[in-house]
């Protein structure tokens, strides 16, 4: 979105214009849902995250405290904080065999189970990172953001973002190497 269009959207949202608020939701909710789903692995929690993100955004603009620019970064920061709080409140979810997994006639059940297990492994490994490291890794590798976009979202210099990514990747390497050495499937 070009900066002028984002500013127009921000001004409309600040004025609580219903069409502007709907446009903000339409534009950013799918990405926030994907982000939350990747980190939480639970459809209901991801939907709760989206709902709470936009609820908090509405409260902020009603109080005159919403963002003046970089709306996407602002919304992802709200979602990140909600997910971090969720991690603190809940133990890691157990891996469940669920009949709701998408059907693929070519995929064998053990392949789907392996994929689900690997996704759970990654989610558990991400929980070993600090909240800032987790946010950098998620935005950089899962959402495809550039360093400068992440720096804006986190209000940190690009060098700090690179350092957080470096430390996070080293931690993840250690977690997965330890998991391999122990012959365990849990990070």
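The values are calculated or read from the model by the stated rules, or taken from the named source; none is laboratory data. From a predicted model like this one, the values you see are computed outputs, not experimental measurements. Quick reminder, even Gly has a Cβ in these numbers, built from the backbone with ideal geometry, and neighbours come from all protein chains shown.
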*Tell me which of these residue 69 doesn't satisfy, since it passes every other one: (1) more than 30 Å from residue 7 (Cβ to Cβ); (2) at pLDDT below 85; (3) exposed (fewer than 14 other Cβ atoms within 10 Å of the Cβ).*
(1)
_Whichever residue in segment 12-21 is exposed (fewer than 12 other Cβ atoms within 10 Å of the Cβ) and without any contact (Cβ under 8 Å) to a residue 40 or more places away in the chain and, among such residues, is farthest from residue 47 (Cα to Cα)_ = 15
_Which of the numbered conditions does residue 9 fail, given that it passes all the others? Conditions: (1) over 16 Å from residue 153 (Cα atoms); (2) part of a loop (DSSP other than H, G, I, E, B)._
(2)
*Within segment 150-164, can you find the residues that are in a helix (DSSP H, G or I) and closer than 24 Å to residue 69 by Cβ?*
150, 151, 152, 153, 154, 158, 159, 160, 161, 162, 164
*Tell me, please, whether a residue that is under 28 Å from residue 176 (Cβ atoms) and modelled with pLDDT of 60 or more can be found in segment 90-101.*
yes
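For segment 82-95, check the following and say yes or no: at least one residue is in a loop (DSSP other than H, G, I, E, B) and buried (at least 17 other Cβ atoms within 10 Å of the Cβ). Quick ask: steps written out before the conclusion?
Going through segment 82-95, the residues in a loop (DSSP other than H, G, I, E, B) turn out to be 90-95.
Narrowing further to those that are buried (at least 17 other Cβ atoms within 10 Å of the Cβ): 95.
So far as segment 82-95 goes, yes, one or more of its residues are in a loop (DSSP other than H, G, I, E, B) and buried (at least 17 other Cβ atoms within 10 Å of the Cβ).
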